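A.B. asks: Supplied in structure tokens, the structure appears directly below.
The numbers here are math on the coordinates, done by the rules we state, and not lab data. All values derive from a computational prediction rather than experimental measurement. As a convention, Cβ positions derive from the backbone with ideal geometry for all residues, glycine included, and neighbour counts pool all protein chains shown.
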Amino acid sequence: MERKTPFHDFHKVFDAKLVPFAGYIMPIQYKGVNFEHNHVRNHVGVFDVSHMAQILVSGVKAFDLVQYITTNDISNLVDGKVQYSCMLNENGGVLDDLLVYRFSANSYMLVVNAANTEKDFNWICSHNNMDVDIINVTQERGLLAVQGPTSSLLLQRFTDINLKNIPYYNFQVGQFAGCEGVVVSNTGYTGSGGFELYFKKEFAEIIWSKIFSTSEFVEPVGLAARDTLRLEMGYCLYGNDLSEEITPLEAGLSWIVKMNKNFIGKDVLIKQMENGLNRCLIGFVLEEKGVPRKDYEIFNINNVKIGIVTSGTMSPSLRKGLGMGYVIKSESNIDNFIFISIRGKKIKAKIVKRPFYEI
């Protein structure tokens, strides 16, 4: 049976189309994908992302455990800082991508993908030979992403925290809408700026109601627009562009892999660096009409199959079909022409740099 987030009743009030997603009943859209997408790009939208799992890791050896199970270097973190990272299996494949929040030298929060919650939690626990406390607090919490260029204007009226003093990928803990202990984080998955709010689920009704009680031009946004927004920025989605069969080097995430420390799967990545990559993730834009979708085949100009699409959509901002996919490394050069097989037709596309959309 699917779980409900603390905002389930609000989604029904806003006439959301609700669907099962990662073990939850989640809003896929409200007024329509294009409307919601453009609203976030131009104004402010609110996403219920309470399905994302929040795992607290604390104890004297918490630093050592998180440092070992993630690829990025958490010694670069200070209190109040966030880091994008990933966890690998022994074969170097991506178990999950995640955010690491540092509350103190002995206290961290890992925010992982909803569909991977159980897998991730068990994986972390299986490597805990350091007497570290690991608690999944997801069911006790709510999480809203408030995104868009006017998001700080909207949120500032409900908190004494000066949002201008929170740099990108930093957070503060304080009062929001009269609720204590709210984590206000300058992070998001849209590329249009904004914040994510973490709080006890008993505060969910107060916080949602306050945000939507204003005269600001604010709209609820569903998971469908969340996907088109992240795709325009070229952000990876686990289960599409990342998996246990894909290494972070192949995914273009070498910037979150720090080889100056020890972590699970490091040996495989060293060999990959020495031998070179066989495939890599590319971004492409269609030169003709069409909508690329996951698992569509990619061909080169000689009609030889060179890869597969992992994410694709019709971009609401650019009004073009675009996507990402894995191709043979030698075929991955920027400005190369490729062909996406869409319903039996080969549609011409061009490999481009990401992000597709520039703010």
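A.B. asks: How far apart, in nanometres, would the label points at GLU274 and VAL352 be if each is projected 7 angstrom from Cα along the Cα-to-Cβ direction?
C.D. replies: Each label point is offset 7 Å from its Cα along the Cβ direction, giving 4.0 nm.
A.B. asks: Enter the per residue convex hull volume of the chain, computed from alpha-carbon coordinates, in Å³ rounded to the nearest integer. Kindly include the intermediate steps, with their values, before the conclusion.
C.D. replies: Values: hull volume 49.3 nm³, N = 359.
Value for the chain: 137 Å³ per residue.
A.B. asks: Next question, about the same structure. Once the piece of chain linking ASP64 and LYS329 is laid out straight, how much longer is it, given 0.36 nm per residue of separation minus the C-alpha distance between them?
C.D. replies: Details: separation 265, 0.36 × 265 = 95.40 nm, distance 3.52 nm.
Residue separation times 0.36 nm, minus the Cα-Cα distance, leaves 91.9 nm.
A.B. asks: Would you order ASP131, ASP73, ASP96 from fewest to most other beta-carbon atoms within 10 Å of each residue's own beta-carbon? All intermediate terms of the calculation are to be shown ahead of the outcome.
C.D. replies: Numbers: ASP131 9, ASP73 17, ASP96 24.
Going from sparsest to densest Cβ surroundings: ASP131, ASP73, ASP96.
A.B. asks: Count charges around ASP120 for me, please; just the other residues with Cβ under 15 Å from its Cβ, Lys/Arg as +1, Asp/Glu as -1. Walk me through the intermediate numbers first.
C.D. replies: Numbers: positive: LYS119; negative: ASP96, ASP97, GLU118, GLU244.
Overall, the nearby charge balance is -3.
A.B. asks: Do the sum for the chain: with -39,500 (n - 2.57) for every DSSP H run of n ≥ 4, divided by all residues, what is the mean residue ellipticity at 222 nm, to the nearest 500 deg cm²/dmol?
C.D. replies: Details: 8 runs with 68 residues, N = 359.
Taken over the chain, the calculation gives -5000 deg cm²/dmol.
A.B. asks: How large is the dipole of segment 1-145 about the Cα centre if only Lys and Arg carry +1 and Asp and Glu carry -1, each at its Cβ, rounded to the nearest 20 debye?
C.D. replies: Details: 11 positive and 16 negative charges, 96 e Å.
That gives a dipole near 460 debye.
A.B. asks: May I pose another question? Quote the relative contact order of the chain in percent (integer), defining contacts as alpha-carbon pairs under 8 Å separated by 6+ residues.
C.D. replies: On the way: 810 pairs, mean separation 63.2, N = 359.
After rounding, I find 18 percent.
A.B. asks: So, one more: With each label point set 7 Å from Cα along the Cα-Cβ vector, what nm distance links SER243 and LYS81?
C.D. replies: Between SER243 and LYS81, the label points sit 3.5 nm apart.
A.B. asks: Ok, one more. Positive end of the dipole of the chain, charges at C-beta (+1 Lys, Arg; -1 Asp, Glu), about the Cα centre: which of TYR68, LEU144, LEU249 has its Cα farthest in that direction?
C.D. replies: The Cα lying farthest towards the positive end belongs to LEU249.
A.B. asks: Can I ask one more? What percent do you get for the relative contact order of segment 278-352 when only Cα pairs under 8 Å and 6+ apart count? Working shown, then result.
C.D. replies: Working: 192 pairs, mean separation 29.8, N = 75.
With pairs under 8 Å counted, the relative contact order is 40 percent.
A.B. asks: Further question: Counting only residues 5 or more places away or on other chains, whose amide H sits under 5 Å from the amide H of CYS280 once H atoms are built in the peptide plane?
C.D. replies: Residues meeting the criterion, in which the H sits 1.01 Å from N, are VAL327, LYS329.
A.B. asks: Assign unit charges at the C-beta atoms only (+1 for Lys and Arg, -1 for Asp and Glu), then state the dipole size of the chain relative to its Cα centre in Debye, rounded to the nearest 20.
C.D. replies: Numbers: 37 positive and 38 negative charges, 225 e Å.
That gives a dipole near 1080 debye.
A.B. asks: Next question. FRET efficiency for ASN165 and GLU287, Cβ-Cβ distance as r, R0 = 35 Å, nearest 0.05? If you can, show how the numbers build up before the last one.
C.D. replies: Details: r = 45 Å, r/R0 = 1.29.
The calculated FRET efficiency here is 0.20.
A.B. asks: Also: Among LEU77, LEU95, LEU318, which one moves the most in a GNM of the chain with springs linking Cα atoms closer than 10 Å?
C.D. replies: Between LEU77, LEU95, LEU318, it is LEU318 that shows the largest mean-square fluctuation.
A.B. asks: Rounded, prolate or oblate for segment 219-359? Axes are the square roots of the Cα gyration tensor eigenvalues, ordered a ≥ b ≥ c, and the cut-off for rounded is a/c under 1.5.
C.D. replies: oblate
A.B. asks: Need the list of lysines near LYS348 for cross-linking: C-alpha distance under 18 angstrom, and skip anything on the same chain fewer than eight residues off.
C.D. replies: Partners within reach: LYS289, LYS294, LYS305, LYS320.
A.B. asks: For segment 278-352, compute Rh as the Kirkwood radius over C-alpha pairs and then the Stokes-Einstein diffusion coefficient at 10 °C and 1.306 mPa s; write the answer in µm²/s, rounded to an integer. Don't skip to the answer; put the middle values down first.
C.D. replies: Values: Rh = 11.7 Å.
Once the numbers are plugged in, D ends up at 136 µm²/s.
A.B. asks: Something else now. In segment 319-359, which trypsin sites (Lys or Arg not before Pro) fall in coil by DSSP and have 11 or fewer other Cβ atoms within 10 Å? Can you show the working numbers first?
C.D. replies: Values: sites: ARG319, LYS320, LYS329, ARG343, LYS345, LYS346, LYS348, LYS350, LYS353; in loops: ARG319, LYS320, ARG343, LYS353.
Of the trypsin sites (Lys or Arg not before Pro), the ones in loops of segment 319-359 whose Cβ has at most 11 other Cβ atoms within 10 Å are ARG319, ARG343, LYS353.
A.B. asks: Give the aspartates and glutamates reachable from LYS353 as a straight Cα distance under 18 Å; neighbours fewer than 8 places away on the same chain don't count.
C.D. replies: Within the straight-line cut-off, LYS353 pairs with GLU232, ASP241, GLU250, GLU287, GLU331, ASP335.
A.B. asks: Once the cut-off is 25 Å, how many percent of the Cα-Cα pairs in segment 1-149 end up in the long-distance tail? Spell out each step's value before the answer.
C.D. replies: On the way: 4141 of 11026 pairs.
Cα-Cα pairs of segment 1-149 separated by over 25 Å account for 38 percent.
A.B. asks: Mind checking the full-extension length gain between ASN106 and LYS31? Use 0.36 nm per residue of separation minus the Cα-Cα distance, one decimal, nm.
C.D. replies: Net length gain for the segment: 22.6 nm.
A.B. asks: If I take R0 = 22 Å and measure r between the Cβ atoms of ARG319 and GLU297 in this structure, what FRET efficiency does the formula 1/(1 + (r/R0)^6) give, to the nearest 0.05?
C.D. replies: After rounding, the FRET efficiency stands at 0.35.
A.B. asks: If amide hydrogens are placed 1.01 Å from N in the peptide plane, which non-local residues have theirs closer than 5 Å to the one on THR71?
C.D. replies: Amide H to amide H, under 5 Å and 5 or more residues apart or across chains, THR71 pairs with CYS86.
A.B. asks: Calculate one ³J(HN,Hα) per residue across segment 159-175 by plugging θ = phi - 60° into the Karplus curve 6.51 cos²θ - 1.76 cosθ + 1.60, and present them in order as whole Hz with x for glycine and proline.
C.D. replies: For segment 159-175, the Karplus-derived couplings read 8, 8, 5, 7, 5, 5, 8, 9, x, 4, 6, 10, 8, 10, 10, x, 8 Hz, x marking Gly and Pro.
A.B. asks: Can you divide the C-alpha Rg of segment 97-249 by 2.2 N^0.38 Å and report the result to two decimal places?
C.D. replies: In units of the 2.2 N^0.38 Å rule of thumb, it is 1.12.
A.B. asks: Filter the cross-link list LYS12/LYS346; LYS61/LYS164; LYS81/LYS266; LYS61/LYS200; LYS61/LYS329; LYS119/LYS258 down to pairs whose alpha-carbon distance in this structure exceeds 30 Å. Don't skip to the end; give the middle numbers.
C.D. replies: On the way: LYS12/LYS346 42 Å; LYS61/LYS164 33 Å; LYS81/LYS266 25 Å; LYS61/LYS200 26 Å; LYS61/LYS329 40 Å; LYS119/LYS258 24 Å.
Long pairs (Cα-Cα over 30 Å): LYS12/LYS346; LYS61/LYS164; LYS61/LYS329.
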